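Okay, structure first, notes after.
What follows draws every value from the coordinates through simple rules; no lab data is involved. Note that the structure is a prediction, hence the values are computed from the model and not measured. Because the Cβ atoms are built from the backbone with ideal geometry, glycine has one as well, and the counts that use them run over all protein chains shown.
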Amino acid sequence: MVERKEGPLVMLVDDDVAIAEMYGLGLASAGFRVRLLADPHALFRALHEQLPDILVLDWQMPGMNGAEALELIRLDERTKHLPVFMLSNFLGDQNGAIDRVFEAGALAWLRKSVTPPSALAQRLNEALARHVTSAGGDDRSAARGSS
């Protein structure tokens, strides 16, 4: 994937390389700079080096789930207000996972199966536009699979 020099930086964490690359290419073609990371440990190393404009987390990742990663992100002063989207096919409404990530400040829970890269790019752009003018709010409509 070609690294862009301009545009908002999105870090996308997904251990499925093919899925990550598909979303990465789609986001890059929509004007984002993209950094793909395979697991939460790589994410925390990357966050130490550079802060993205927005973060996209998968739910099921090696070593910890998306909620655990997000809760750690919220403990750090540098990242506690970082806009975060969950992007997963995990049906988190069955065990409270969706509520847990919204309580930790996730902006949306999107299902991969119904969210093509172009739709993710649109949602990220909308969130970034809102984030510039406000630091609050979440998008629970996305939690139920709308995209």
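Structure values in brief
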{"read-out": "For F44, F102, F85, F90, order by how many other beta-carbon atoms lie within 10 Å, fewest first", "value": "F44, F90, F102, F85"}
{"read-out": "Potential lengthening between S118 and N89 on full extension [0.36 nm per residue; Cα-Cα distance subtracted]", "value": "8.7 nm"}
{"read-out": "Given charges at Cβ of Lys, Arg, Asp, Glu: region 9-144 dipole, positive-most of H131, F44, A106", "value": "H131"}
{"read-out": "Which of V13, V56 has the fewest Cβ neighbours within 10 Å, and the rest in rising order", "value": "V13, V56"}
{"read-out": "Footprinting exposure proxy for L9, L27 (fewest neighbouring C-beta atoms within 10 Å first)", "value": "L9, L27"}
{"read-out": "Gain upon complete extension [H81, N125; 0.36 nm per residue less C-alpha separation]", "value": "14.2 nm"}
{"read-out": "Segment R45-L25, extension gain: residue separation times 0.36 nm, minus the distance between their alpha carbons", "value": "4.9 nm"}
{"read-out": "Evaluated at q = 0.16, 0.22, 0.25, 0.30 Å⁻¹: base-10 log I(q)/I(0), Debye formula over Cα of region 13-55", "value": "-0.40, -0.74, -0.91, -1.11"}
{"read-out": "Cα shape, region 9-144, gyration tensor, a/c 1.5 rule", "value": "rounded"}
{"read-out": "For peptides 17-25, 103-111, sequence by mean Cβ density within 10 Å, most packed first", "value": "103-111, 17-25"}
